[in-house]
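Visitor: Sharing a structure with you now.
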Amino acid sequence: MTAQSEISVPGRIVALDLARTAALAGMVIYHFTFDLALFGYVPPETAVTGGWALFAKLVAGSFLFLAGVSLWLAHGRGIRWPAFWRRIAMVGGAAALISVATYVVMPQSFVFFGILHSIALCSVIGLAFLRLPVLVTLAVAIGVFFLPQYVRFEMFNAPWFYWTGLGTSWPPTIDYEPVFPWLAPFLVGLAMTRFVDRSGWMPRPHVPGHTARFLAWPGRHSLILYLVHQPVLISGLWLVTQVIR
């Protein structure tokens, strides 16, 4: 998914949708494994330890990286405020829906700052970096990534500071992507896309083939698929469990 290999149509880069499709596939694979543990088909710690834990971080990082890419593509040549706030409202609304739904199902570990919350806040923060040099943005990304490994304070254990990621203990939640360190992949995506764009390496639009268009469809509807995939997976596993047990 390099700049040279991107397939695009007027107004939309299809390769970005293909990348989102790949990220969605990784998310579904991970959550299916998580759900298998939830229903007792695999050991309880399977999805949160070892290679699966690393896989989860890579998937989350890919979503934030692609969100940074999207911010530059949409607003790098000038912030389109109505479109920006409309997108923030959609993502923020979806994040709130996830929080409410998980609170109803599992109030002791509901999602209060998961991947959608992080994407929304990082998108707002990212506006400050649209005009900064690429090297400055990358330097900040490095700092954001390493800061929580060396700087943690008990005061940030308070719930209203959970979004920072700088507390000394892990909050009680099943999905947690705070600003530190998760702003880092977002800024890297923004900086790399700005560099490619300013270097004149962005591809010229052309109509994709049927296969590319088909594969890109999930990426074009990533938000709604994110919202519905877990209810579908859990419902399917529940039905299977009722049949075989």
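The values are calculated or read from the model by the stated rules, or taken from the named source; none is laboratory data. What you are looking at is a predicted structure, and each value in this text was computed from that prediction instead of being measured. Methodologically, a virtual Cβ is constructed for each residue, glycine included, from the backbone with ideal geometry; neighbour enumeration extends over all protein chains shown. Just so you know, the surface numbers come from the protein's heavy atoms only, side chains and all, with ligands and any DNA or RNA stripped out. Shrake-Rupley method; radii C 1.70, N 1.55, O 1.52, S 1.80 Å.
Visitor: Where nothing but the Cβ of Lys and Arg (+1) and of Asp and Glu (-1) is charged, how large is the charge dipole of the chain around its Cα centre, in debye to the nearest 20?
Guide: With Lys and Arg at +1 and Asp and Glu at -1, about 820 debye.
Visitor: Could I ask something else about it? Once you place label points 7 Å from the Cα toward the Cβ at Leu127 and Ala139, how far apart are they in nm?
Guide: 2.5 nm
Visitor: Please work out how much length the chain gains when fully extended from Leu54 to Ile29, using 0.36 nm per residue of separation minus the C-alpha to C-alpha distance, in nm with one decimal.
Guide: 7.7 nm
Visitor: Follow-up question, since we're still on this one. Radius of gyration and Dmax for the stretch 1-126's Cα atoms, expressed in Å?
Guide: Both quantities, over Cα of the stretch 1-126: 16.8, 51 Å.
Visitor: While we're looking at this one, here's another question. For the stretch 79-119, what is the accessible area per residue in Å², given a 1.4 Å probe and the full set of protein chains?
Guide: Here the residues of the stretch 79-119 average 57 Å² of exposed surface.
Visitor: If you don't mind, another one. Could you pull the Cα extents of the stretch 119-210 along its three principal axes, largest to smallest, in whole Å?
Guide: Principal-axis extents of the stretch 119-210 (Cα, largest first): 52, 34, 19 Å.
Visitor: Find how much the distance from Ala83 to Tyr103 grows on full extension, using 0.36 nm per residue of separation minus their present alpha carbon separation; answer in nm with one decimal.
Guide: 4.2 nm
Visitor: Show me 92-98, 106-112 ranked by packing, highest mean number of other Cβ atoms within 10 Å first.
Guide: Descending packing order for the listed peptides: 92-98, 106-112.
Visitor: Placing unit charges on C-beta atoms (Lys and Arg positive, Asp and Glu negative, everything else neutral), compute the dipole magnitude of the stretch 1-146 about its Cα centre in debye, rounded to 20.
Guide: Around 580 debye, computed over the stretch 1-146.
Visitor: Given the whole protein assembly as supplied and a 1.4 Å probe, what does the accessible area of Val124 come to in Å², nearest 10?
Guide: The accessible area comes out at roughly 60 Å².
Visitor: I need two numbers for the chain: Rg to one decimal and Dmax as a whole number, Cα atoms only, in Å.
Guide: Rg, Dmax (Cα atoms, Å): 18.9, 60.
Visitor: Further question: Could you rank Thr137, Thr211 by how accessible they are, 1.4 Å probe, largest area first?
Guide: Thr211, Thr137
Visitor: Same structure again: Arrange the residues Ile125, Ile119 by how much accessible surface each exposes, largest first, with a 1.4 angstrom probe.
Guide: Descending order: Ile125, Ile119.
Visitor: Using a 1.4 Å probe on the protein chains only, how many percent of the accessible area of the chain belongs to carbon and sulfur?
Guide: Of all accessible area on the chain, carbon and sulfur atoms account for 72 percent.
Visitor: Here is a follow-up. Evaluate the Kirkwood expression for the hydrodynamic radius of the stretch 41-83, namely the inverse of the mean inverse distance over all pairs of different C-alpha atoms, and round to one decimal in Å.
Guide: 12.8 Å
Visitor: Spin-label point model (7 Å from Cα, Cβ direction): what's the Ala212 to Trp170 distance in nm?
Guide: 4.1 nm
Visitor: Under Stokes-Einstein, with the Kirkwood radius over Cα pairs standing in for Rh, what whole-number D in µm²/s applies to the stretch 66-179 at 4 °C and 1.567 mPa s?
Guide: For these conditions, the coefficient is 84 µm²/s.
Visitor: Between Arg245 and His229, what is the label-point separation in nm under the 7 Å Cα-to-beta-carbon projection?
Guide: 2.5 nm
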